[in-house]
Amino acid sequence: GLLTGKVALVTGAGRGIGRACALALALEGAAVAVNYSRSEEAAQQVVAAIEAAGGLAVALKADVADPEQVERLFTDLLAKYGRLDALVNNAGITRDGLILRMSLEDWNDVVSLNLTGTFLCLKAASRIMLKQRSGRVVNISSTSGVAGNAGQANYSAAKAGVLGLTRSAARELGSRGITVNAVAPGFIATDMTSALELEPILAQVPLRRVGQPEEVAGLVRFLCADPAAAYITGQVITIDGGMVTA
Ligand code: NAD
């Protein structure tokens, strides 16, 4: 595969989009660190699936909103695999509510993980990638970060922040051969969206269906692995069935 001999880290990879990214990068030949914060069982199942397919993987526990745990995550990663070629900042949560009723706690929790957690992992990864003079970073944003979304001011602000972080990091790290891009999914069938009513969503989606985690993972795989993505950096790529257009 294109990533044989390379190492990838996917945050929040026990399920959903992160799980699909871990599997896709492993199938491309990367040794994959499957980060999780709570469910070790889910992360170990991802590791087992990768190993069953002949790949290499390890489950690494860390709450990526916590600076000390992020430090330890990268120490553990280097101890296990000795390098880092691709980072996928995928871990994310929602705490939906109208602004008028949104608690400061719900604001802070969402910003801490979705934006600050992405910063902390990018910072730790850049230390390694700058030395290697190569690396690819993909930050999972959202169409909510591009267009905004009623009831998701905290999440939209955090995901929009990820876009500014992405563009700035691309400018800072480009001279050392590191690309930094963002992927902005629309509605993808995962636990995060399972409680939503489909009909009003699909009315806004030209392709008239939700996306699958594997489709997002295909784009992430391209950005992390494909030689054709080497000249793409600082970009936001929307994958949403055509819902949001410039
Ligand atoms: P999900 O809830 O299934 O997955 C989120 C993952 O993050 C889980 O594995 C969870 O355990 C992990 N996580 C939560 N808190 C963590 C922490 N503190 N540290 C480390 N890991 C933590 O949802 P998903 O849909 O797979 O979401 C993945 C990413 O995609 C998120 O960033 C989400 O915002 C983004 N996204 C999802 C959609 C969608 O429609 N599903 C759309 C746009 C963006």
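The values are calculated or read from the model by the stated rules, or taken from the named source; none is laboratory data. Being a predicted model, the structure only gives us computed values, none of them experimental. Note that we place each Cβ from the backbone using ideal geometry, even for glycine, and neighbour counts take in every protein chain shown. Accessible surface is based on the protein model in full, side chains and every heavy atom, while ligands, DNA and RNA are left aside. Shrake-Rupley method; radii C 1.70, N 1.55, O 1.52, S 1.80 Å.
Think of a 1.4 Å ball rolled over the protein heavy atoms: the chain then has 48 Å² of accessible area per residue.
Helix 67-81 and the longest principal axis of the Cα set of the chain meet at an angle near 40°. Counting only Cβ charges, +1 for Lys and Arg and -1 for Asp and Glu, the dipole size of the stretch 75-129 around its Cα centre is about 260 debye.
Candidate cross-link partners of Lys159 among the lysines, defined by an alpha-carbon separation under 17 Å and a same-chain spacing of 8 or more, are absent.
The radius of gyration of the Cα set in the stretch 137-246, together with its Dmax, comes out at 14.5, 46 angstrom. For the stretch 17-71, the Cα gyration tensor yields ellipsoid semi-axes of 21, 11, 9 Å (square root of five times each eigenvalue, largest first, whole Å).
Of the solvent-accessible surface of the stretch 146-246, computed with a 1.4 Å probe over protein heavy atoms with every protein chain present, carbon and sulfur atoms account for 54 percent. For Lys6, a cut-off of 27 angstrom between C-alpha atoms picks up these lysines, skipping any fewer than 8 places away in its own chain: Lys61, Lys80, Lys123, Lys131. What separates the Cα centres of the stretch 26-64 and the stretch 228-246 is a distance of 26 Å. A quarter of the convex hull surface defined by the alpha-carbon atoms of the chain gives 12.7 nm² as the mean projection. Computed from Cα positions, the angle between helix 118-132 and the longest principal axis of the chain comes to roughly 30 degrees.
What order do you get for 172-181, 48-57 when each peptide is scored by the mean count of other beta carbon atoms within 10 Å, highest first?
172-181, 48-57
Using heavy atoms of the protein chains and a probe of 1.4 Å, the accessible area assigned to Arg95 is about 90 Å². Note on the stretch 23-86: with neighbouring protein chains present and a 1.4 Å probe, carbon and sulfur make up 49 percent of its accessible heavy-atom surface. Give me the angle, in degrees from 0 to 90, between the Cα long axis of helix 16-27 and the longest principal axis of the Cα atoms of the chain, rounded to the nearest 10. Between helix and principal axis, roughly 30 degrees. Peptide packing for 117-128, 26-37 was compared via the average number of neighbouring C-beta atoms within 10 Å per residue; ordered from the highest value, the list is 26-37, 117-128.
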